[in-house]
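To keep things clear, I will list the structure first and then write my remarks on it.
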């Protein structure tokens, strides 16, 4: 089966409302959209409802594979951890209400991750998510102090040993964290929730870039076709989600940018 295409709304972040972001994703031709919890909260604080969002998604014909995101929970102190559990409940309830089966759960930002504690907490939020109907999907970030590789994140999953574990894979974080295309071999097709597709500027040095440095797929130097070949070989045909944080792109017309991004991803993904 062919890949499907998703827009992470960070790519068009300056668009002022979540309903307009949904409209743009649908008008640009995407199959799905990744929405940010901050935008959902802002919509509610402005008098909107979660039903508004779900209806807008349905009207646009957009799937919603996950929400973004639940951060800074692994290494929280005990008081903050209790607050984080309440935050997880709220965000998972948002996900369940709009039809998102997962919420991205971020990595440890500690210089010395406690993998046993991280696994214990992951198991607790998995249990919470099962009751609510929106499960966490683990993510690592190359900009973290230590949990910068897929292998380091999978140590949490290994210790938790939960059968419903899924992981976010990101082309930029694979490279910027010092990994390679072969990192994808660490996962089965069933463990991959979504693939964030983006590129790194030509001539850049791995480990030195921030999220804002990402460029449009095909405009950089990452071996994106090789990564997608790995996914195909596994039989994975999920969502490729364009996720950019580049302020230069934000100056463009958002609908034109979204369409350009979809064309760029298809140019790489479609043989």
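Take 252-260, 33-41 and order them by the average number of nearby Cβ atoms within 10 Å per residue, most first; the result is 33-41, 252-260.
The modelled label-to-label distance between residue 143 and residue 27, using points 7 Å beyond Cα along the C-beta direction, is 2.9 nm.
In this calculation the C-beta distance from residue 226 to residue 17 is compared with R0 = 35 Å, giving a FRET efficiency of 0.40.
Fewest-first ordering of 175, 73, 236, 81 by other beta carbons within 10 Å of each residue's beta carbon gives 81, 236, 73, 175.
Calculated mean residue ellipticity, 222 nm, the chain: -13000 deg cm²/dmol, from DSSP H runs (n ≥ 4) at -39500 (n - 2.57) each, averaged per residue and rounded to 500. Put a dot 7 Å past the Cα of residue 182, heading toward its Cβ, do the same for residue 38, and the two dots end up 3.8 nm apart. Could you work out the percent of alpha carbon pairs in the stretch 4-269 separated by over 34 Å, rounded to a whole number? In whole percent, the share of Cα-Cα pairs in the stretch 4-269 beyond 34 Å is 13. Each of 237, 10 was scored by other Cβ atoms within 10 Å of its Cβ. Arranged with the fewest first, they read 237, 10. Residues 202, 121, arranged from fewest to most other Cβ atoms within 10 angstrom of their Cβ, appear as 202, 121. A Förster distance of 35 Å, applied to the separation of the beta-carbon atoms of residue 234 and residue 130, puts the FRET efficiency at 0.85. Pop the C-beta distance of residue 49 and residue 212 into the FRET formula with R0 = 30 Å and round what comes out to the nearest 0.05. For residue 49 and residue 212, the calculated efficiency is 0.40.
All of the numbers you see were taken from the coordinates with simple rules; none came from a lab. Quick caveat: nothing in here was measured; it's all calculated off a predicted structure. For neighbour counting, all protein chains shown are included, and Cβ atoms are generated from backbone atoms with ideal geometry for every residue, glycine included.
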